[in-house]
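Only one structure is covered here, and it is reproduced in the block below.
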Ligand code: PAF
């Protein structure tokens, strides 16, 4: 695997490649990232990964400074897995040599709800860096995990509306044996919080099972889920059942008619904010 730090070196390495499969990350790689690399490896050649902690997508009171940066370990994991051909690991001056004044704004109805409501500016930061990374790598396909369900949808819609030649491939959420979705932020959890954390998945599973069993009182189900999490010490941002296709709130008639749904949640355990979702 070649590790390149500049856009110029990256372009030199990739010149003429037409089947690039790309996995953008912020590093601190875990098994879910490696699963994305393996999927990329099945869908293209060469596989390019990036590691860049993107300041633009962090709010002023968020964890940009303490976000885990573990480049040496990440490189070792990718080398051991042997699926990635080029790792692009630019520093901030390389990605943002001047203030990034051009930004990509997702439509408010998709970018300002759920995660966007609680993390203002987050999706503008994501789409801006993803577009820029795509311009650097020029991938034919790119793999995104479904844990970041709204991010995946926004990136997909961005590619469609800008006619980008990159196909977005979703990867199922990878979970620990107790159900906790793998995330770099899990490493902020202390031992007690780590034992508590899978409750988020259990609560979402309960919502899904109750909807499947015919309970279509979605606001009641959401309220029960929030009450259970709050009772166990979580600070809940949202638990919300939405339409899969556009993340809008479904009408009662749509739920009755079997509209594909997804239940999404974000909540804080101590100082750690976790998100998860399940398709119904
Ligand atoms: O999902 C992430 O890790 C980030 O949002 C991404 C897509 C790498 C953009 O910084």
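Observations on the structure shown:
Listed here are the residues, each with its yes/no results for (1) under 17 Å from the mean Cα position of the chain (by Cα); (2) assigned to a loop (DSSP other than H, G, I, E, B).
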| residue | (1), (2) |
| --- | --- |
| 32 | yes, no |
| 42 | no, no |
| 77 | no, no |
| 103 | no, yes |
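- Checking each residue of the range 243-259 against the condition of being closer than 23 Å to residue 170 by Cα, touching a residue at least 60 places away in the same chain (Cβ under 8 Å) and touching a strand residue (DSSP E or B) at 6+ places or on another chain (Cβ under 8 Å) gives at least one match.
- Screening the candidates 266, 225, 253 for the property of being more than 21 Å from residue 146 (Cβ to Cβ) and either under 21 Å from the mean Cα position of the chain (by Cα) or part of a helix (DSSP H, G or I) (or both) yields one hit, 253.
- Any hit, the range 12-19, residues being within 16 Å of the ligand (Cβ to nearest atom) and touching a residue at least 40 places away in the same chain (Cβ under 8 Å): no
- The range 44-65, subset more than 20 Å from residue 135 (Cβ to Cβ) and in contact (Cβ under 8 Å) with a residue 12 or more places away in the chain, residue nearest to the ligand (Cβ to nearest atom): 58
- In the set (1) surrounded by 22 or more Cβ atoms within 10 Å (Cβ to Cβ); (2) under 20 Å from residue 61 (Cα atoms); (3) touching a strand residue (DSSP E or B) at 6+ places or on another chain (Cβ under 6 Å), the condition left unmet by residue 137 is number (2).
- Residues located in the range 108-131, provided they are in contact (Cβ under 8 Å) with a residue 24 or more places away in the chain, in a helix (DSSP H, G or I) and more than 10 Å from the ligand (Cβ to nearest atom): 109, 110, 111, 115, 116, 117, 118, 124, 131
- The set of residues in the range 79-107 that are farther than 27 Å from residue 264 by Cα and within 15 Å of the ligand (Cβ to nearest atom) comprises 84, 87, 88, 89, 90, 91, 92, 94, 95, 96, 100.
- Some residue of the range 172-183 being at pLDDT below 95, within 16 Å of the ligand (Cβ to nearest atom), surrounded by 12 or more Cβ atoms within 10 Å (Cβ to Cβ) and under 24 Å from residue 111 (Cβ atoms): no
- Scanning the range 207-217 for residues that are assigned to a helix (DSSP H, G or I) and surrounded by fewer than 17 Cβ atoms within 10 Å (Cβ to Cβ) turns up at least one hit.
The values are calculated or read from the model by the stated rules, or taken from the named source; none is laboratory data. None of the values given here were measured: they were computed from a predicted structure. In this analysis, Cβ positions are derived from the backbone assuming ideal geometry, glycine residues included, and neighbour counts consider all displayed protein chains.
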